[in-house]
Amino acid sequence: MIHFFIGTKAQFIKMAPVMAVMDKKDIPYRYIDSGQHAEFTSTLRKGFNIREPDICLNKEGRDVTTMISAAKWMFSLGMSSVFQKKWLKEKVFPGQGICLVHGDTLSTLLGLKMAKAAGLDVAHIEAGLRSYSFLHPFPEEIIRVYCMNRCDILFAPSLEAMENLKKMKVRGMVEGIEGNTVVDALRLSSEQKTEVKIPSAPYALAACHRFETITRKSNLLSVVNLLNRVARDMNVVFAVHKPTRRYLEKFGLKNRLETNVEVIGMQD
C-alpha cells in the first residue's frame, strides 16, 4: 500500500496530481491528512477533485495557525509515535507498504516518525534541497536534513539536489526526478471548472506568510511599505494567509496599505 502523508496546502497542491493519476489508473492508495492545514486543504480537495482523506489527524478540523496550537498538535501526534503503535499500524497505516512524505514542514517530520513507528519504509519527495544554514530557513533546514538522513527512498527534483544528497552520504536510495509537480498541479487545476477573478489591468501578486516576518511589527511594516511603493506603479493583489491577516490587524498595519493594494484571502 502507498500512503500519502500530507499536511500543508503546498504539500497537497504538489501531491494532488500524483493522487489524481493513481485514481485514473485505479491504483489503490491511502491519503492521510496530518491536519496542519485541515481547513484549507478541504477546499483544495474540491478544486482538484481529490477524494476525502482516509483519516484526518486533527480532530478539530481547523488550520494550525498559532505557535501554541502547533505545539499542542505536534506534541499529541509525536506521542502517538511512542505510545500508540497499535493504533498507527491498524488505523493510520493499515496494509503496511511505503509512506510518501513531502518537503520540509512539521508534517514531513511527523509523517516520517509515525510511519517508521508503524514499521513502514518512507520515501521523501523533493529531497536534496539545501540552504546549508540551519537558521535560514528555520526549522525547515533542520527538518529536511533529519528526514533525508532517515528516509529509505529520496526523490531528488534536480541534478543539484542529487549532488547535495551524494555529499550528505545518505543511506537511502536516491532517485532523480527532473522537474516539479506544481507544473502538473497547474495543468490539473486548469481542467477543473473554477472561477477566479483576475484583474484586467497589469498587476502584481504578493503573498507573505513566514512567521519570523509577520510576527514582528518592524518586519511586517517593511512588507507594507514595499507593497505601497509597488502600488505607485501598478495595482497590487495581496493574497493573505489567516495568520498574516491577524498580525496586520493586530499591529494596525492593514489600514496603512494604499487603496490600490487589494487584500484577498487564499484562493482555491
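The values are calculated or read from the model by the stated rules, or taken from the named source; none is laboratory data. Computed from a prediction, not measured in an experiment: that's the story for all the values here. Virtual Cβ from ideal backbone geometry, glycine too; neighbours counted across all protein chains shown. Side chains included, ligands, DNA and RNA excluded: accessible areas come from the protein's heavy atoms. Shrake-Rupley method; radii C 1.70, N 1.55, O 1.52, S 1.80 Å.
In the stretch 131-141, what residues are surrounded by fewer than 17 Cβ atoms within 10 Å (Cβ to Cβ) and either in contact (Cβ under 8 Å) with a residue 24 or more places away in the chain or in contact with a helix residue (DSSP H, G or I) (Cβ under 9 Å, 6 or more places away or on another chain) (or both)?
Step one: of the stretch 131-141, the residues surrounded by fewer than 17 Cβ atoms within 10 Å (Cβ to Cβ) are 131-139.
Correct list: S131, Y132, S133, F134, L135, P137, F138, P139.
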Under 8 Å by Cβ, and 6 or more places apart or on different chains, what pairs join a residue from the stretch 8-32 that is over 21 Å from M114 (Cα atoms) and open to solvent by 20 Å² or more (accessible area, probe 1.4 Å) with one that is among the small types (G, A, S) and in a loop (DSSP other than H, G, I, E, B)?
K14/G103
Just to be sure, is F211 closer than 30 Å to V122 by Cβ and of a type in the set (F, W, Y)?
yes
Need at least 1 residues that are within 30 Å of I68 (Cβ to Cβ), free of Cβ contacts under 8 Å to residues at least 12 places away in the same chain and open to solvent by less than 70 Å² (accessible area, probe 1.4 Å) per element, so show me which helices (runs of 4 or more DSSP H) inside the stretch 163-261 make the cut, counting only ones lying wholly within it.
211-214, 217-231
Looking only at residues that are in a helix (DSSP H, G or I) and surrounded by 15 or more Cβ atoms within 10 Å (Cβ to Cβ) in the stretch 43-62, which one is modelled with the lowest pLDDT?
G47
Please state which one of K116, K89 is crowded, with 17+ Cβ neighbours inside 10 Å, over 30 Å from E212 (Cα atoms) and modelled with pLDDT of 85 or more.
K116
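For E160, state whether it is open to solvent by 60 Å² or more (accessible area, probe 1.4 Å) and either at pLDDT 90 or above or in contact with a helix residue (DSSP H, G or I) (Cβ under 6 Å, 6 or more places away or on another chain) (or both). Quick ask: steps written out before the conclusion?
Values: open to solvent by 60 Å² or more (accessible area, probe 1.4 Å): yes; either at pLDDT 90 or above or in contact with a helix residue (DSSP H, G or I) (Cβ under 6 Å, 6 or more places away or on another chain) (or both): yes.
Against the criterion (open to solvent by 60 Å² or more (accessible area, probe 1.4 Å) and either at pLDDT 90 or above or in contact with a helix residue (DSSP H, G or I) (Cβ under 6 Å, 6 or more places away or on another chain) (or both)), E160 qualifies.
Condition check: open to solvent by 30 Å² or more (accessible area, probe 1.4 Å), within 24 Å of F134 (Cβ to Cβ) and either among the aromatic types (F, W, Y) or at pLDDT below 90 (or both). Does F83 satisfy that?
Considered against the rule, which asks whether it is open to solvent by 30 Å² or more (accessible area, probe 1.4 Å), within 24 Å of F134 (Cβ to Cβ) and either among the aromatic types (F, W, Y) or at pLDDT below 90 (or both), F83 comes out as no.
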